[in-house]
1. For region 31-60, how many residues are assigned to a loop (DSSP other than H, G, I, E, B) and either of a type in the set (G, A, S) or modelled with pLDDT of 95 or more (or both)?
2. Checking the condition closer than 27 Å to L315 by Cβ, at pLDDT 95 or above and either not assigned by TED's automatic domain parsing to the domain that holds L43 or not hydrophobic (A, V, I, L, M, F, W, C) (or both), which residue from R140, R136, R166 passes?
3. Only residues that are under 18 Å from the mean Cα position of the chain (by Cα) and not basic (K, R): list them for region 177-205, please.
4. Does T312 count as within 20 Å of N8 (Cα to Cα), out of contact with any Asp or Glu (no Cβ under 7 Å at 6 or more places or on another chain), polar (S, T, N, Q) and buried (at least 22 other Cβ atoms within 10 Å of the Cβ)?
5. Would you mention how many residues in region 201-228 are out of contact with any Gly (no Cβ under 7 Å at 6 or more places or on another chain) and either crowded, with 16+ Cβ neighbours inside 10 Å or within 24 Å of P244 (Cβ to Cβ) (or both)?
6. In this structure, does E78 turn out to be in contact (Cβ under 8 Å) with a residue 24 or more places away in the chain, over 20 Å from the mean Cα position of the chain (by Cα) and farther than 25 Å from R303 by Cβ?
7. For region 335-358, what are the residues that are surrounded by 15 or more Cβ atoms within 10 Å (Cβ to Cβ) and among the aliphatic types (A, V, I, L, M)?
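The values are calculated or read from the model by the stated rules, or taken from the named source; none is laboratory data. All of these numbers come straight from a predicted model, not from anything done at the bench. In this analysis, Cβ positions are derived from the backbone assuming ideal geometry, glycine residues included, and neighbour counts consider all displayed protein chains.
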Amino acid sequence: MLRAVPENTIRARHFRRLGRLEWSPSGVCLLCGPNGSGKTTTLDVLLFLRTLFERGHESAFTAVSGQYFRSLDVSADEPVEFELVVGDLRWRLLFPVSLLGARGHFGEELYRGDELMLRAGMFDETWHLGSEAHPRDEVRCCARVLWDRDEAPWMKPLADVLAGLRVYKSYWLNQVQRQEQAPGRDSYLASNGRNLWSVLANWKGSPTRYQGQFEWVMAAAREAFPDLISTVEFDRGLPYLYAPGATEADQGLPPSRAAEGLLTGLLHLTAVAGAKSGSIVAFDEMENQLHPHAIRSLLSAMRRRAEEHDLTIILTTHSPVVLNSFRDEPGQVYVLDRAAPTVPVAMTDLHSEEWLAQAKLGTLYERLAFAAPPIDGIEP
């Protein structure tokens, strides 16, 4: 299916382990590499850009633990660079940093096609919109200030991508397991997943408004965990999970009695179901706590949802099971190859069809044939 939204490109330079990142992900794609190669750091690029636009630079640095922001092997004078391209819009950022964090106003440019719409130099106290100079906002980046003025409707594709971007790295399962009243006011899953029951209660109570998102989650969960769940119900705001065959109200289990893998699957599905069409959703090692059947089933559901709603879903992994699920789509697998001048590299650019056909991707990964750390005596 052709994408209904403009292609998005993410670029970064000198950000931690990433020397030069340039990536235009689409559909459901997989990011792999050895420990420390930059998989989580790539997701942090997305998290940083979203938080910067939504809540400002201080929150953005906090969101990605802003110490040691710059690569250690580059000059202290080199800024950390980020760029997000959405269609004909290009948002470029330059951060002068020390090892411990920012050391002055960051640079910012916003282009519409070849036209420079706004500019702020590094260390400058003002930013420029055309020939007009404006003082820096203490919290908001310049692009957000311009967007909030409601005078630049052409920015909407960029603002929509940033607002819809979601990164899920680590769920607070201890919070999800608590038997607490769900207020039912949230419309999408928080990055830590703590509001899972509030989201599901809201969706369940308003099926038309939320276009059947609750039932989509339940249907996909039944496929992934056929012996564990049929539905979730709420009694006075408290969630209860019902297994297949349950016929009595008191057969519902509180979240504290549910398998952690089931809760993880519900969190993944709720994150995907809550994503607006055309947005980006990223998961760090989605396979954690999941049985191989659940992994394959959840990936199948994600692919269907991505196709139907034009989503970009990014997954990082060390799992051969996840890799094997991409055997028929090697072009959707990307490798953080330290030898490459720009990362990530599509698997189909690294290896021929004949090489890829010799075994399942998970088997090749286990044999250290790709995305492997440097080990003496072993040639990938």
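1. 5
2. Working: R140 fails: closer than 27 Å to L315 by Cβ; R136 fails: closer than 27 Å to L315 by Cβ.
After applying the criteria, what remains is R166.
3. Of everything in region 177-205, those that are under 18 Å from the mean Cα position of the chain (by Cα) and not basic (K, R) turn out to be S187, Y188, L189, A190, S191, N192, G193, N195, L196.
4. Working: within 20 Å of N8 (Cα to Cα): yes; out of contact with any Asp or Glu (no Cβ under 7 Å at 6 or more places or on another chain): yes; polar (S, T, N, Q): yes; buried (at least 22 other Cβ atoms within 10 Å of the Cβ): yes.
Answer is yes for this residue.
5. To start, the set of residues in region 201-228 that are out of contact with any Gly (no Cβ under 7 Å at 6 or more places or on another chain) comprises 203-204, 206-212, 214-220, 222-223, 226-228.
Next, only the ones that are either crowded, with 16+ Cβ neighbours inside 10 Å or within 24 Å of P244 (Cβ to Cβ) (or both) stay: 203-204, 207, 210, 212, 214-220, 222-223, 226-228.
Qualifying residue count, region 201-228: 17.
6. Yes: the conditions hold for E78.
7. Those that are surrounded by 15 or more Cβ atoms within 10 Å (Cβ to Cβ) and among the aliphatic types (A, V, I, L, M): V335, L336, V343, V345, A346, M347, L350, L356.
Residues checked against (1) closer than 23 Å to R20 by Cβ; (2) outside any strand (DSSP E or B):
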site: L323; (1), (2): no, yes
site: F326; (1), (2): no, yes
site: G331; (1), (2): yes, yes
site: Y334; (1), (2): yes, no
site: D337; (1), (2): yes, yes
site: D349; (1), (2): yes, yes
site: W355; (1), (2): no, yes
site: Q358; (1), (2): no, yes
